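The values are calculated or read from the model by the stated rules, or taken from the named source; none is laboratory data. The structure displayed is predicted, hence computed values, not measured ones. As a convention, Cβ positions derive from the backbone with ideal geometry for all residues, glycine included, and neighbour counts pool all protein chains shown. What goes into the accessible areas is simple: the full protein's heavy atoms, side chains included, and nothing from ligands, DNA or RNA. Shrake-Rupley method; radii C 1.70, N 1.55, O 1.52, S 1.80 Å.
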Amino acid sequence: LRREARSGQRVSCSEGEDCAGGLIQLEAEVPASCKIYGCGGYRKERECQCNTHCVGLNDCCSDFVEVCVVPHAKESSSAGVEVTYMVLAEFWACAAVVAAAALMVSIALCRSMYNEMMSTKTHAPDAVIPEIGDGPLEDLLNITWFTMYFKVPALEEKYDEWAVPRKVFTAAQTLAFTSVLLCAGFTFRLYQILSTRCLVIGRTVIVINVMCLITSLFMSGVGLKKPTEQTYWPTLIFNLLYLPATNLPPMAPSCWALKTSCAAAENEWVSQAYRHVDCSLSGQTSMQMMMTWLILQPWLFPRLEFMHVLWVWIIAVVLGWTLVYDYWTGEAVYDQWEIS
């Protein structure tokens with residue numbers, strides 16, 4: 001047993017051999033390490049531990065990551081493969097194709113819905129514009145599920161001239177506020193990453209994020225100064241694509257980097273991300289961001305009938321990018337290691 005322990009092998013007893021007392025004595029003689037203790041389990045008399053809870057309790061052995069995390073991470077379905085520049089290039093090329101297809105489908109749907117809305121109106125003489133108080137409101141409005149507009153085209157145009165700029169202004173305000181929150185979130189994330197040694201973020205990634213945030217703020221400012229649909233829709237589309245991108249490499253750490261490098265991270269934010277497998281679009285941080293974004297949509301769409309386009313975004317961008325990313329990297333958020 002002493003020979004096995006000193007040679008770095010895991011100490012074990014053969015079947016039928018009573019050596020529990022000898023193991024305790026040997027563990028006290030040899031340096032504390034996961035190579036000797038083995039991975040998993042808890043013994044309070046040990047100087048350090050080699051289980052998944054030791055990260056939060058800050059009592060892991062010095063070789064915990066090397067012995068218990070890295071070998072497992074290479075086999076884990078959640079860690080996937082190392083996200084190299086080649087993998088990222090292939091993924092983002094596919095993601096760009098998916099986003100372009102989603103954009104074309106969205107434009108076609110919006111155009112179709114707008115033309116249908118205009119064609120179903122009663123074409124009364126435009127010279128006669130009834131007053132709102134002349135009769136029951138139901139006689140003036142065409143009310144359907146999710147849409148409501150005036151039957152008389154001239155009255156609808158008059159309402160649009162008054163209401164749409166105000167709705168666009170409100171939507172631009174909401175987007176500007178969202179952009180400020182994204183700036184604060186990126187600053188916090190960058191500080192946490194730079195304060196720990198287990199994760200690395202390149203200067204190019206920082207510059208790209210800063211440029212995207214400045215672009216979002218600038219486009220929102222243009223929408224506030226000139227509240228028109230022509231200036232607003234490009235801003236909304238940009239944010240619809242940028243928001244999920246911030247939760248994917250290289251904008252955010254990959255599951256591989258998190259699992260293989262940050263098991264013993266001292267930073268609490270990084271440690272929690274490791275314990276909860278908080279990475280990729282399926283992670284809890286990304287899901288909370290997506291749900292908050294969906295709640296804001298009634299304030300972000302000047303025309304509510306166009307909110308059906310969100311289904312294209314959910315299916316093609318959020319779900320589509322998730323599937324494409326999982327295909328290229330092999331990452332999946334939960335497996336038996338995290339559940340147990």
### Task
Could you figure out which of (1) under 17 Å from Asp278 (Cβ atoms); (2) open to solvent by 40 Å² or more (accessible area, probe 1.4 Å) isn't true of Pro234?
(1)
### Message
Take the conditions open to solvent by 30 Å² or more (accessible area, probe 1.4 Å), at pLDDT below 90 and not in a loop (DSSP other than H, G, I, E, B) and apply them to Thr215. Does it pass?
### Response
no
### Message
Where the second residue is surrounded by 13 or more Cβ atoms within 10 Å (Cβ to Cβ) and modelled with pLDDT of 80 or more and the first is in a helix (DSSP H, G or I) and among the β-branched types (Val, Ile, Thr) and lies in the range 106-118, which pairs have Cβ atoms under 8 Å and are six or more apart or on separate chains?
### Response
none
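From Arg2, Arg46, grab the single residue that is in contact with a Leu (Cβ under 9 Å, 6 or more places away or on another chain) and either at pLDDT 50 or above or farther than 30 Å from Leu258 by Cα (or both).
Details: Arg46 fails: in contact with a Leu (Cβ under 9 Å, 6 or more places away or on another chain).
Of the residues listed, the single one that is in contact with a Leu (Cβ under 9 Å, 6 or more places away or on another chain) and either at pLDDT 50 or above or farther than 30 Å from Leu258 by Cα (or both) is Arg2.
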### Query
Looking only at the range 95-104, which residues are open to solvent by less than 70 Å² (accessible area, probe 1.4 Å) and β-branched (Val, Ile, Thr)?
Val98
### Query
Do any helices (runs of 4 or more DSSP H) lying entirely in the range 274-329 carry at least 3 residues that are at negative phi and open to solvent by less than 20 Å² (accessible area, probe 1.4 Å), and which ones are they?
284-295, 320-329
### Task
Could you grab me the full set of residues in the range 28-43 that are over 10 Å from Asp63 (Cβ atoms), open to solvent by 80 Å² or more (accessible area, probe 1.4 Å) and modelled with pLDDT of 80 or more?
Tyr42
### Query
Considering only residues of the range 185-200 that are open to solvent by 30 Å² or more (accessible area, probe 1.4 Å) and not in a helix (DSSP H, G or I), which is modelled with the lowest pLDDT?
Arg197
### Task
Determine whether the range 240-263 contains at least one residue that is more than 26 Å from Cys94 (Cβ to Cβ), crowded, with 22+ Cβ neighbours inside 10 Å and in contact (Cβ under 8 Å) with a residue 24 or more places away in the chain.
yes
## Note on the structure
Within the range 163-184, restricting to residues that are under 23 Å from Trp293 (Cα atoms), free of Cβ contacts under 8 Å to residues at least 60 places away in the same chain and out of contact with any Pro (no Cβ under 8 Å at 6 or more places or on another chain), the one that is surrounded by the most Cβ atoms within 10 Å (Cβ to Cβ) is Ala176
### Task
Starting from the range 213-224, take each residue that is within 23 Å of Leu190 (Cα to Cα) and list its partners that are hydroxyl-bearing (Ser, Thr, Tyr) and surrounded by fewer than 19 Cβ atoms within 10 Å (Cβ to Cβ), counting only C-beta distances under 8 angstrom and pairs at least six apart or across chains.
Ser216/Tyr242
